[in-house]
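Engineer: Supplied in structure tokens, the structure appears directly below.
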Amino acid sequence: MKRDTYPGLPRPKARVLLAVAPDARRFRAWVGPEAPEWGAAIAFPDLQRIVMQGRSAGSDAGDPVSVFRHELAHLALHEYLGDLPPRWFDEGYAGWAAGEWGRDESLATNVALLLGGMPTLDSLEAGFYEGSRTAEQSYALAFRAVSDLASLDPERGLTLFFRYWKETGRFDAAVRSAYGMTGDAFEALWRTRTRRRYGALALVANLSLATAIFSVAFLPLWIARRRRDKRRLEALRAADEVAEREERESALAALLGAPDEPPEERSIST
């Protein structure tokens, strides 16, 4: 591959077996019943194996090159750190290494972020198994956590952090040594950044959606009201025209006056 290295990690050395399933039935059989239904590819770090959907994959499977790099990142991370990374970091790092910046879009519609509904890093684990929408949010939040962690050292990113994590076997100790802050402090920073960055966007998006739904629901009523008001206005205008015409005729008749009556005949005696 042209991009055969991964941020912060040494170049992987293990060989990888890639299995491309010819159809959906074969894919489900190869990945097993525990794999999520929406998955486009699954990595098996202990076996150094990746199973991907083939040409029969739906449009929601994503770019196969990006998907493949995502799964390779899982293997590279496992090769260096073994089982140390929790699920949220494993998924977040794979998405970040694969450049899946589009995951942020799902956060821009989650108004719960603005209302203080940010999960903890540990609670992200359950979200990967609670349906495609919840999983999508968990992937996006994990992506942001890894991205924010790497941004703490603009020059070396995750390099020192990975080294300390491998040496100590503890996430918190690695964060302290690499970035000079506790794991809890980083988590608080991540939650604050994410809520500030996406909470307002989510509110605007949801208000826009609510406005659109309101407009669609009440547009027929508004049109009917406008038509009724238009007919009523036309009737009033017609009545006003009749009244004005009658007033003009009455005023003209008064101005001209009625015809003179003949004078009475009088007898004059002489």
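The values are calculated or read from the model by the stated rules, or taken from the named source; none is laboratory data. In this text, all values refer to a predicted model and were calculated from it rather than measured experimentally. Reconstructed Cβ throughout: ideal geometry from the backbone, glycine too, with neighbour counts over all protein chains shown.
Engineer: Looking for something touching a Phe, Trp or Tyr at 6+ places or on another chain (Cβ under 8 Å), assigned to a helix (DSSP H, G or I) and without any contact (Cβ under 8 Å) to a residue 12 or more places away in the chain - is there at least one such residue anywhere in the stretch 165-173?
Structural biologist: Looking through the stretch 165-173, at least one residue is touching a Phe, Trp or Tyr at 6+ places or on another chain (Cβ under 8 Å), assigned to a helix (DSSP H, G or I) and without any contact (Cβ under 8 Å) to a residue 12 or more places away in the chain.
Engineer: Now, a different point. Any idea how many residues of the stretch 31-83 are surrounded by 16 or more Cβ atoms within 10 Å (Cβ to Cβ), assigned to a loop (DSSP other than H, G, I, E, B) and among the hydrophobic types (A, V, I, L, M, F, W, C)?
Structural biologist: Residues meeting the conditions: 2.
Engineer: Still on this structure, please answer the following. Check off (1) modelled with pLDDT of 90 or more; (2) closer than 29 Å to D153 by Cα; (3) of a type in the set (K, R) for R3 and give me the number that stays unchecked.
Structural biologist: Of everything listed in (1) modelled with pLDDT of 90 or more; (2) closer than 29 Å to D153 by Cα; (3) of a type in the set (K, R), R3 misses just condition (1).
Engineer: In the set R176, R144, which member is modelled with pLDDT under 95, outside any loop (DSSP other than H, G, I, E, B) and of a type in the set (K, R)?
Structural biologist: Residue meeting the stated conditions: R144.
Engineer: Let me ask something additional. Against the condition more than 15 Å from W190 (Cα to Cα), outside any helix (DSSP H, G or I) and among the charged types (D, E, K, R), how does E130 come out, does it pass?
Structural biologist: yes
Engineer: Still on this structure, I have one more. For the stretch 11-23, state whether one or more residues are modelled with pLDDT under 95, closer than 21 Å to E167 by Cα and surrounded by 12 or more Cβ atoms within 10 Å (Cβ to Cβ).
Structural biologist: Scanning the stretch 11-23 turns up at least one residue that is modelled with pLDDT under 95, closer than 21 Å to E167 by Cα and surrounded by 12 or more Cβ atoms within 10 Å (Cβ to Cβ).
Engineer: Since M118 meets every condition but one in (1) in contact (Cβ under 8 Å) with a residue 12 or more places away in the chain; (2) more than 22 Å from Y198 (Cβ to Cβ); (3) not basic (K, R), which condition does it not meet?
Structural biologist: Of the numbered conditions (1) in contact (Cβ under 8 Å) with a residue 12 or more places away in the chain; (2) more than 22 Å from Y198 (Cβ to Cβ); (3) not basic (K, R), the odd one out for M118 is (2).
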